[in-house]
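Engineer: First the structure, which I've put down as structure tokens, then a few questions once you've had a look.
The values are calculated or read from the model by the stated rules, or taken from the named source; none is laboratory data. All of these numbers come straight from a predicted model, not from anything done at the bench. Every residue, glycine among them, receives a Cβ derived from its backbone with ideal geometry; neighbour counts consider all protein chains shown.
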Amino acid sequence: MQSILDTLWGLILGLLGVVVAGVAIIEVMARSVLSGLGIQGTSQTVLLFLLLGGLIVAAFRLFGRLFAVLLVAAFCVYFLHVVFGFLSGALIPVQTPAGTTDI
């Protein structure tokens, strides 16, 4: 069960990494184009901020459902792990200020 959860979280983080890398590449290209056009300083920052907002919206439109499906699957697996852990009488370690205890 834990390996399924780890795999789902890995997929979510991997997809997020791809999105962030794509945004970074586009931002660097846009910055060089704006510099080539002579746009510097605050104007460039404002334009890049608007571009970032557009890229975030586009990323959620492209990958939003995939993110949602992966998150729902991860939460379902986690829920099953917690429920079956309690039903089987397994002890779950919990970190407390006094140390680790089992509940």
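Engineer: Name the residues in the range 50-103 that are among the hydroxyl-bearing types (Ser, Thr, Tyr) and either surrounded by 11 or more Cβ atoms within 10 Å (Cβ to Cβ) or modelled with pLDDT of 75 or more (or both), would you?
Structural biologist: Correct list: TYR78, THR101.
Engineer: Restricting to the range 27-38, count the residues that are among the hydrophobic types (A, V, I, L, M, F, W, C) and surrounded by fewer than 16 Cβ atoms within 10 Å (Cβ to Cβ).
Structural biologist: Count: 4.
Engineer: Can you go through GLN44, GLN2 and tell me which one is at pLDDT 80 or above and farther than 18 Å from LEU62 by Cα?
Structural biologist: Answer to the selection: GLN44.
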